[in-house]
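Trainee: Sending over a structure as structure tokens; questions will come in a sec.
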Amino acid sequence: MTILITGGAGFIGSNFIFYLLEHHPEDRIVCLDKLTYAGNLATLAPILNDPRFRFVQGDICDSAVVEQIFTVEKPHIVVNFAAESHVDRSIADPQVFLQTNILGTATLLESCRKYGVERFHQISTDEVYGDLPLDRLDLQFTEASPLCPHSPYSSSKAAADLLTLSYHRTYGLPVTISRCSNNYGPYQYPEKLIPLMFTRAVSDQPLPIYGNGLNVRDWIYVEDHCSAVDLILRKGKVGEVYNIGGNCEISNLVLVKRLLHSLGKSEDLITYVADRKGHDLRYAICSDKLQTELGWHPQTDFADGLRQTIRWYQDHPDWWCPLLNS
Ligand SMILES: NC(=O)c1ccc[n+]([C@@H]2O[C@H](COP(=O)([O-])OP(=O)(O)OC[C@H]3O[C@@H](n4cnc5c(N)ncnc54)[C@H](O)[C@@H]3O)[C@@H](O)[C@H]2O)c1
């Protein structure tokens, strides 16, 4: 089976490629990635000469590039990780988010329709549901929750989800969608919370926390996200949306304090900065559907995952140092 993975030079896409090569050595993988600031070919360096793998640098919005891949590689499955993914950047400059996240997804869907695939899988986010109040811990997002995105990033992802579902209903395209909570683990660009705080803490720089730091996120170790997507590709029902969560809600402040503690650094490094515009309060995701219908369960608890992640960043300054201030 040939699997086209877009955005595979980024954080989750690269972890997913490593996961597939390890768990499905019979599959061939083609990665299409534009190599934006968030894409890093160094991550994929160990597999660039693997005969089961091919890397193509290109834009998912470029239909000529996408069609060329479909003609030559005839992928059975397409998994779309490619996206502009950082909320702060979407607030500063939304345009490229609309371009890549909506029009790029549209370009992929069109090629899937034209050439035919066994599955198009859209990697979405829990942020499409909006947020929940901090004082209603009984509430969680299910797949039936209405879409209510609040940032240009999450709005563009919600638009892509709707477009994907419309291709199923209108053209019968075999699609699935997964909506996952906050990922952490190796190869995450150091603008995102955990690697940002790690890279600053190790050099005793102030750690900027938005507002009062009480905003809550659900955290999942990236390998658990990868195993969930793999299961959905092989066992999921077409036309369906699956939530993926780590069942691990933590406020930003508690998370950063834990990180500082693990590194033996003082909490005095924490500095509170003006809150993010429209900052979502709490994300909490119910993944019962994935657990009961497909038998998926996250394997890594937060303490272990954080320890492994910290160890990875400690052992790989050659990977993240060049990215600071880039
Ligand atoms: N990081 C998270 O916590 C999280 C949580 C839920 C969902 N997601 C979703 O998972 C996907 C991957 O997220 P990530 O954190 O790995 O992102 P990332 O920013 O680390 O990687 C994105 C990758 O996409 C590539 N890319 C960007 N624009 C492109 C284009 N026009 N054409 C081709 N490639 C392009 C980049 O070069 C990069 O390699 C995204 O769709 C994101 O919305 C992320």
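The values are calculated or read from the model by the stated rules, or taken from the named source; none is laboratory data. This is a predicted model, so every value here is computed, not measured. Neighbour counts run over all protein chains shown; Cβ positions are idealised from the backbone, glycine included. Please note that ligands, DNA and RNA were not included when accessible areas were found on the heavy atoms of the full protein model with its side chains. Shrake-Rupley method; radii C 1.70, N 1.55, O 1.52, S 1.80 Å.
Trainee: Rg and Dmax of segment 80-151, using alpha carbons, in Å: what are they?
Mentor: So, for segment 80-151, Rg and Dmax equal 15.2, 49 Å respectively.
Trainee: Now a separate question. Tell me whether segment 123-224 comes out rounded, prolate or oblate; compute the Cα gyration tensor, take square roots of the eigenvalues as a ≥ b ≥ c, and use a/c under 1.5 as the rounded threshold.
Mentor: Verdict is prolate for segment 123-224.
Trainee: Here's a follow-up. Using modelled amide H (1.01 Å from N, peptide plane; none on Pro or chain starts), what sits under 5 Å from the amide H of residue 2, excluding residues fewer than 5 places away?
Mentor: For residue 2, the qualifying residues are 28, 76, 77.
Trainee: For segment 172-326, what Kirkwood radius comes out of the mean inverse Cα-Cα distance, in Å?
Mentor: Taking the inverse mean of 1/r over all distinct Cα pairs, segment 172-326 comes out at 16.8 Å.
Trainee: Taking only protein heavy atoms into account and a 1.4 Å probe, give the accessible area per residue of segment 224-326 in Å².
Mentor: On the way: 5190 Å² over 103 residues.
Per-residue value: 50 Å².
Trainee: Based on the Cα coordinates of segment 112-174, what is the per residue volume of their convex hull in Å³?
Mentor: Cα convex hull per residue, to the nearest whole number: 95 Å³.
Trainee: Based on the Cα gyration tensor of the chain, what are the three equivalent ellipsoid semi-axes, each the root of five times an eigenvalue, rounded to whole Å and given largest first? Let's see the in-between values first.
Mentor: Details: eigenvalues 188, 103, 70 Å².
Ellipsoid semi-axes (Å, largest first): 31, 23, 19.
Trainee: Take every DSSP beta bridge whose two residues both sit in segment 114-259, then give the antiparallel share in percent to the nearest 5.
Mentor: Beta bridges within segment 114-259, antiparallel portion: roughly 20 percent.
Trainee: How long are the three semi-axes of the equivalent ellipsoid of segment 1-94, in whole Å, if each is the root of 5 times an eigenvalue of the C-alpha gyration tensor, listed from largest down?
Mentor: Values: eigenvalues 102, 51, 24 Å².
Equivalent ellipsoid of segment 1-94: 23, 16, 11 Å, largest first.
Trainee: Can you list residues whose amide H is under 5 Å from residue 182's amide H, if they're 5+ apart or on another chain and H is modeled 1.01 Å from N?
Mentor: Here 218, 220 satisfy the definition.
Trainee: Hand me the trypsin sites (Lys or Arg not before Pro) from segment 266-301 located in a DSSP loop with no more than 13 other Cβ atoms within 10 Å, in residue order please. Walk me through the numbers before you get to the answer.
Mentor: Details: sites: 276, 277, 282, 289; in loops: 276, 277.
Qualifying residues, ordered by number: 277.
Trainee: Explain nothing, just compute: Karplus ³J(HN,Hα) = 6.51 cos²θ - 1.76 cosθ + 1.60, θ = phi - 60°, for every residue of segment 292-306 in order, whole Hz, x for Gly and Pro.
Mentor: Ordered by residue, 3J(HN,Hα) equals 7, 7, 10, x, 7, 9, x, 9, 10, 7, 4, 4, 5, x, 5 Hz.
Trainee: Right, another one. Give me the Debye-computed log₁₀ of I(q)/I(0) at q = 0.33 Å⁻¹ for segment 163-208, equal point scatterers on Cα only, no solvent, two decimals.
Mentor: -1.13
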